[in-house]
Amino acid sequence: MKRLLIFDTTLRDGEQSPGYGMTSEQKLQLAKQLETLGVDIIEAGFPAASSEDLAGVQNIARQVRKSTIATLARCSDSDIEACAKGLDRAERGRIHIFLSTSDLHLEHKLGIDRKTALDKIHRSTRLARKYSNDVEFSPEDATRTDIEYLIQATQVAVDEGATTINLPDTVGYASPAEYRAMFETVRARVRGIEKVTLSAHCHNDLGLAVANSLAAVEGGARQVECTINGVGERAGNASLEEIIMALHVRNNVYPYETGINTKLIYPTSQLLSALTGVGVQPNKAVVGRNAFAHESGVHQHGIIKDRRTYEIMTPESVGAPPSRLVLGRHSGRHAVAARLADLGHAVSGTTLNHVYDRFLRACELGTSLTDDDLIQIALDNRPPPNPPYTITLVQASAGTVRPATATVRLTREGQTYVACALGDGPVDAVCTCIDSITGHPARVVGYELRAISEGRDAEAEVSLRVLIDERTFSGRAVGTDIVEASARAYLSAVSKCLATRSQIKPPQVPAVVLPPREMFAEARP
Ligand SMILES: [Zn+2]
């Protein structure tokens with residue numbers, strides 16, 4: 001069977017999309033998981049973007065030794081040098097350079113002509129080869145590039161020593177037949193292409209990313225670029241789990257093998273959602289909550305007789321739990337710890353005690369916990385790496401008399417800071433308190449509240465996204481008090497932002513923040 005290389009770009013294409021910002025600690029955790037999963041190449045970042053991005057790449061390159069670490073560069077000397085710096089301690093490093101080749105991009109994005117673009121590709125591929133024997137070139141927007149010019153551009157990169165040529169469907173525009181034909185044409189017409197690995201990179205704007213990636217493989221691609229849960233710019237990238245399982249289940253149609261351990265697909269998907277606070281849509285193929293759920297009576301009847309009646313793959317084959325209900329109130333601490341470890345969330349010591357207490361409380365209420373719930377509880381109790389602030393008190397009062405009021409006490413390096421604020425509702429008031437202490441006001445751009453157990457005293461999960469300096473960060477917390485959980489989720493999102501800064505503003509003087517006058521006018525006894 002022919003070997004297909006899996007190039008994961010969750011940490012680059014995925015991370016740059018809204019809501020998926022991660023701290024470098026979290027990026028490293030995901031990179032290690034991708035290595036264990038069996039990804040051949042991990043695109044770790046874009047080192048020229050900032051010194052934090054560079055440090056993040058270096059961190060991964062030092063600690064992830066089995067997978068090749070790729071870094072992205074525009075066709076500019078400084079970008080390529082930043083990649084080289086990012087990779088200097090890597091076991092195996094790849095410099096990935098890109099330049100748009102469609103007339104639309106050349107004219108309106110870059111403001112250069114075709115000749116200048118060829119010169120840039122020539123110069124940059126040559127420079128990248130000085131730093132690495134492993135160089136990938138991507139003619140961005142390849143699927144909307146004039147095919148004759150695409151062949152010229154690719155030829156230049158191949159002549160200068162590019163070892164992988166990636167032909168991206170940057171805007172998710174191609175049809176499977178067109179995309180396959182493009183690979184066949186490039187293979188037939190570019191001299192020396194047989195020494196080069198061809199690669200597909202597809203976006204999902206029309207929902208065709210996975211279909212297009214598989215069509216590219218049929219057209220001769222031997223590397224596929226993809227992301228966990230299909231995250232990425234706009235509608236996302238081709239999803240790793242869907243590609244892998246299509247190859248696996250339909251191996252008679254796609255006779256290729258990869259290095260991926262399919263049993264780690266589900267835990268990896270769960271880890272990404274947990275780290276970013278962005279869940280997977282329930283009906284998502286392979287990893288969605290409903291991917292292996294059978295609701296209709298007829299289907300259930302069939303499944304009980306023989307699972308193959310309605311299942312083309314087993315949940316076990318992707319590491320998903322066979323049943324949603326796993327543990328009950330008779331389960332001991334060890335069982336909870338073991339189940340969490342199976343799910344890729346090993347906990348021990350005091351964290352395990354907290355998780356177990358919460359678990360028991362939920363069980364006493366007569367509800368059962370799903371794997372999702374268990375992970376949420378575990379993550380909420382896992383202390384974030386060196387949080388700059390800890391919450392020691394949240395008190396809010398709200399009701400028909402408005403505005404709401406709140407007091408929040410935070411500690412930082414042994415010092416205590418208290419703020420009081422009024423707000424349009426208690427969540428607004430507690431967030432304002434936190435802003436007035438940290439001095440880093442954030443705008444909440446997404447807020448979700450979900451009960452993870454039953455009853456009026458249900459544990460609720462708050463997940464929110466905040467926008468600070470045009471970057472989004474997510475936070476999540478679980479608790480029966482939704483205001484307090486909101487405060488913790490908010491602080492955790494703000495802390496992620498602070499963790500990306502080399503310097504954090506000193507805490508602000510305790511303050512009382514008054515809301516705008518209109519809010520009082522609305523007050524009703
Ligand atoms: Zn992309």
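The values are calculated or read from the model by the stated rules, or taken from the named source; none is laboratory data. Just so it is clear, the model here is predicted, and its values are computed rather than measured. A quick note on method: Cβ atoms are made from the backbone with ideal geometry, for glycine too, and the neighbour counts reach across all protein chains shown. Note: accessible area is taken over every heavy atom of the protein model, side chains too, but ligands, DNA and RNA are not part of it. Shrake-Rupley method; radii C 1.70, N 1.55, O 1.52, S 1.80 Å.
Considered as a group, the residues in the stretch 16-50 that are within 22 Å of Glu91 (Cβ to Cβ), within 16 Å of the ligand (Cβ to nearest atom) and not aromatic (Phe, Trp, Tyr) include one that is farthest from the chain's Cα centre (by Cα), and that residue is Ile41. For the stretch 456-469, a residue qualifies if it is in a loop (DSSP other than H, G, I, E, B) and open to solvent by 60 Å² or more (accessible area, probe 1.4 Å), and the qualifying residues are Arg456, Asp457, Asp469.
Quick one: what pairs do we get from the stretch 241-270, first residue part of a helix (DSSP H, G or I), second open to solvent by 50 Å² or more (accessible area, probe 1.4 Å) and modelled with pLDDT under 95, C-beta under 8 Å, 6+ apart or different chains? Pairs that qualify, where the first residue is part of a helix (DSSP H, G or I) and the partner is open to solvent by 50 Å² or more (accessible area, probe 1.4 Å) and modelled with pLDDT under 95, are Val249/Ile312; Lys263/Glu316; Pro267/Asp342. May I ask you to verify whether Met182 is closer than 17 Å to Met1 by Cα, out of contact with any Phe, Trp or Tyr (no Cβ under 7 Å at 6 or more places or on another chain), more than 16 Å from the ligand (Cβ to nearest atom) and open to solvent by less than 50 Å² (accessible area, probe 1.4 Å)? Considered against the rule, which asks whether it is closer than 17 Å to Met1 by Cα, out of contact with any Phe, Trp or Tyr (no Cβ under 7 Å at 6 or more places or on another chain), more than 16 Å from the ligand (Cβ to nearest atom) and open to solvent by less than 50 Å² (accessible area, probe 1.4 Å), Met182 comes out as no.
Each row is one residue, and each column tells you yes or no for (1) of a type outside the set (Gly, Ala, Ser); (2) open to solvent by less than 20 Å² (accessible area, probe 1.4 Å).
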| site | (1), (2) |
| --- | --- |
| Leu4 | yes, yes |
| Thr9 | yes, yes |
| Ala73 | no, yes |
| Ile80 | yes, yes |
| Ala90 | no, no |
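Residues in the stretch 406-443 that are touching a Cys at 6+ places or on another chain (Cβ under 7 Å), part of a strand (DSSP E or B) and surrounded by fewer than 21 Cβ atoms within 10 Å (Cβ to Cβ): Thr407, Cys420. Scanning the stretch 470-489 for residues that are among the hydroxyl-bearing types (Ser, Thr, Tyr) and closer than 25 Å to Ser50 by Cα, we see that the one that is most open to solvent (accessible area, probe 1.4 Å) is Thr472. With the condition kept exactly as written, say whether any residue in the stretch 280-301 is in contact with a Gly (Cβ under 6 Å, 6 or more places away or on another chain), modelled with pLDDT of 80 or more, of a type outside the set (D, E, K, R) and surrounded by 19 or more Cβ atoms within 10 Å (Cβ to Cβ). Looking through the stretch 280-301, at least one residue is in contact with a Gly (Cβ under 6 Å, 6 or more places away or on another chain), modelled with pLDDT of 80 or more, of a type outside the set (D, E, K, R) and surrounded by 19 or more Cβ atoms within 10 Å (Cβ to Cβ).
Residues of the stretch 423-471 being of a type in the set (A, V, I, L, M) and touching a Phe, Trp or Tyr at 6+ places or on another chain (Cβ under 9 Å), which ones?
Step one: of the stretch 423-471, the residues of a type in the set (A, V, I, L, M) are 427, 429-430, 434, 437, 442, 444-445, 449, 451-452, 458, 460, 462, 464, 466-468.
Val427, Val430, Ile434, Ile437, Ala442, Val444, Val462, Leu464, Val466, Leu467, listed by residue number.
Listed by first and then second residue, the pairs linking a residue in the stretch 225-237 that is in contact (Cβ under 8 Å) with a residue 24 or more places away in the chain to a residue that is charged (D, E, K, R) and within 9 Å of the ligand (Cβ to nearest atom), with Cβ atoms under 6 Å apart and 6 or more places separating them unless they lie on different chains, are Gly232/Asp13; Asn237/Asp13. Filtering the stretch 219-230 to residues that are more than 16 Å from Ala200 (Cβ to Cβ) and either open to solvent by less than 10 Å² (accessible area, probe 1.4 Å) or at pLDDT below 95 (or both) leaves only Ile228.
Filtered by the rule that a residue be away from the ligand (no atom under 16 Å from the Cβ), over 15 Å from Ala142 (Cα atoms) and either buried (at least 21 other Cβ atoms within 10 Å of the Cβ) or of a type in the set (A, V, I, L, M, F, W, C) (or both), the stretch 191-218 gives Ile193, Val196, Ala211, Leu214, Ala215, Val217.
In this structure, does Lys120 turn out to be more than 16 Å from the ligand (Cβ to nearest atom), open to solvent by 20 Å² or more (accessible area, probe 1.4 Å) and in a helix (DSSP H, G or I)? Show your work before the answer.
On the way: more than 16 Å from the ligand (Cβ to nearest atom): yes; open to solvent by 20 Å² or more (accessible area, probe 1.4 Å): yes; in a helix (DSSP H, G or I): yes.
Criteria met by Lys120.
From the set of residues in the stretch 206-240 that are of a type in the set (D, E, K, R) and in a loop (DSSP other than H, G, I, E, B), which is nearest to Arg187 (Cα to Cα)?
Filtering the stretch 206-240 for residues of a type in the set (D, E, K, R) gives 218, 222, 225, 233-234.
Retained after the next criterion (residues that are in a loop (DSSP other than H, G, I, E, B)): 222, 233-234.
Values: Arg222: 12, Glu233: 28, Arg234: 30 Å.
So, considering only residues that are of a type in the set (D, E, K, R) and in a loop (DSSP other than H, G, I, E, B), the one nearest to Arg187 (Cα to Cα) is Arg222.
Restricting to the stretch 172-203, name every residue that is part of a strand (DSSP E or B) and either free of Cβ contacts under 8 Å to residues at least 24 places away in the same chain or within 16 Å of Ile151 (Cβ to Cβ) (or both). Scanning the stretch 172-203 gives a single hit, Leu198.
Would you check which residues across the stretch 232-262 are open to solvent by 10 Å² or more (accessible area, probe 1.4 Å) and within 16 Å of the ligand (Cβ to nearest atom) and list them? Of everything in the stretch 232-262, those that are open to solvent by 10 Å² or more (accessible area, probe 1.4 Å) and within 16 Å of the ligand (Cβ to nearest atom) turn out to be Glu233, Arg234, Ala235. Contact map, the stretch 36-64: first residue within 14 Å of Arg501 (Cα to Cα), second residue part of a helix (DSSP H, G or I) and open to solvent by 50 Å² or more (accessible area, probe 1.4 Å), Cβ cut-off under 6 Å, separation 6 or more or different chains; pairs are Gly56/Ser24. Against the list (1) more than 22 Å from Leu104 (Cβ to Cβ); (2) assigned to a helix (DSSP H, G or I), the condition Val156 fails is (1). Only one of the numbered conditions (1) in contact with a Lys or Arg (Cβ under 8 Å, 6 or more places away or on another chain); (2) open to solvent by 10 Å² or more (accessible area, probe 1.4 Å) is violated by Ser24, and that is (1). In the stretch 141-177, of all residues being away from the ligand (no atom under 15 Å from the Cβ), farther than 21 Å from Ile80 by Cα and among the hydrophobic types (A, V, I, L, M, F, W, C), the one that is surrounded by the fewest Cβ atoms within 10 Å (Cβ to Cβ) corresponds to Ala177.
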